[in-house]
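Below you'll find the structure, written out as structure tokens, and then a few comments.
The values are calculated or read from the model by the stated rules, or taken from the named source; none is laboratory data. Remember, it's a predicted structure, so these values are computed and weren't measured experimentally. Reconstructed Cβ throughout: ideal geometry from the backbone, glycine too, with neighbour counts over all protein chains shown. The protein model used for the area step is the full one, side chains on, heavy atoms only, and it has no ligands, DNA or RNA in it. Shrake-Rupley method; radii C 1.70, N 1.55, O 1.52, S 1.80 Å.
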Amino acid sequence: ALGGEDDGSLKLVDSYAGSNWREMSRALAPVDGSGWKLLQVPPSKTGTLGIALPVRPPEPGVEGAVVLQLLSSLPSTFTSRQLTLANLWLLSYDDAIVDIAESGALAGCAYEWSFNRAGLRLCFRGLSQSLPSYVRRLCRRLVAQHANLLGGKAEVAESAYQRAMNEVTRSPKIGPLQKKQMVDVLTRGVSNEDVADQALTFLKATNGAYVISQGDLTPSESLQLSSDLRQVFRDYGDAKGFECEPALRDILYRPFWKPIVGSRRRACSRACRCSRTLAAGCRGRLGCREVDGRCCSSRRVRRI
């Protein structure tokens, strides 16, 4: 459980029976003496500050979640072009990890990414036995994505442009002028090199990170995972002039998990080219998955 009414007084308390949770003097404990800090949220039914997870029966479960917030003030100063390039980087990343994402979904794992004013937030959830490995693999692929774009091992597919266009045109948080500018960038197109350069610029502008673990993850597992992630991002995270310290509640907003599973998951009865799909995007293949009730070619779809 977490004690305190605001982020300045939040601390872990030894209230989880059978664990070795230690009371901490502050919410975020330093990891390896670096700018990385760890918050371990023990399993609790009420009064816990953490990421929103799917509703489950009240019995103790084996699910956990990890939030990695790469800290940087750079996104708060993004131009429309920079924001578009950064989004294309992460959309191409979605395409690159579709094999891991779909395999992980079968084991109950999911992920999410989003930029905010304090940097880039990555969320992961799944069974505690497989979650640390899932997090490490996806983070290693994220770090390598800009190099793969430069080396020709990855590309920004047409489906990524379509998904980016849909997100821009539908988002209520983007003003009319910025929306017009972003649509213009997407319409003209950009090179893989431009996207990779923007990705590298952001990574080099990070200064530390918050790692927040919750659910059925022991303190030792959380500490080990934090240390592993610090090693994955070892070439970044110490940029000067980009420091920021967001409040915990500002980075623990509700995630939109990928891939989408459950009752909203559908499959096209025939091949189509719909852009409103899961992380991989529709590639015109049989059995492609669709988010809403119909594909772009207006064919009927069936639930799976």
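Filter segment 106-118 for residues that are part of a strand (DSSP E or B) and under 11 Å from ILE251 (Cβ atoms) and give the result. Scanning segment 106-118 gives SER114, ASN116. Summed over segment 148-182, the residues that are within 21 Å of PRO75 (Cα to Cα), out of contact with any Leu (no Cβ under 6 Å at 6 or more places or on another chain) and open to solvent by 40 Å² or more (accessible area, probe 1.4 Å) give a count of 11. The residues of segment 101-118 that are over 10 Å from the mean Cα position of the chain (by Cα) and surrounded by 17 or more Cβ atoms within 10 Å (Cβ to Cβ), listed by number, are ALA101, GLY104, ALA105, CYS109, ALA118. Could you tell me whether segment 119-138 includes any residue that is part of a helix (DSSP H, G or I), β-branched (Val, Ile, Thr) and open to solvent by less than 50 Å² (accessible area, probe 1.4 Å)? Yes, segment 119-138 contains at least one residue that is part of a helix (DSSP H, G or I), β-branched (Val, Ile, Thr) and open to solvent by less than 50 Å² (accessible area, probe 1.4 Å). Of the candidates ALA110, ALA118, the single residue that is among the hydrophobic types (A, V, I, L, M, F, W, C) and within 15 Å of VAL66 (Cβ to Cβ) is ALA110. Out of curiosity, is SER220 hydroxyl-bearing (Ser, Thr, Tyr) and either open to solvent by less than 50 Å² (accessible area, probe 1.4 Å) or not in a helix (DSSP H, G or I) (or both)? Here the answer is no, as SER220 does not meet what is asked. Residue count for segment 156-183 under the criterion of being of a type outside the set (Lys, Arg) and without any contact (Cβ under 8 Å) to a residue 12 or more places away in the chain: the result is 7.
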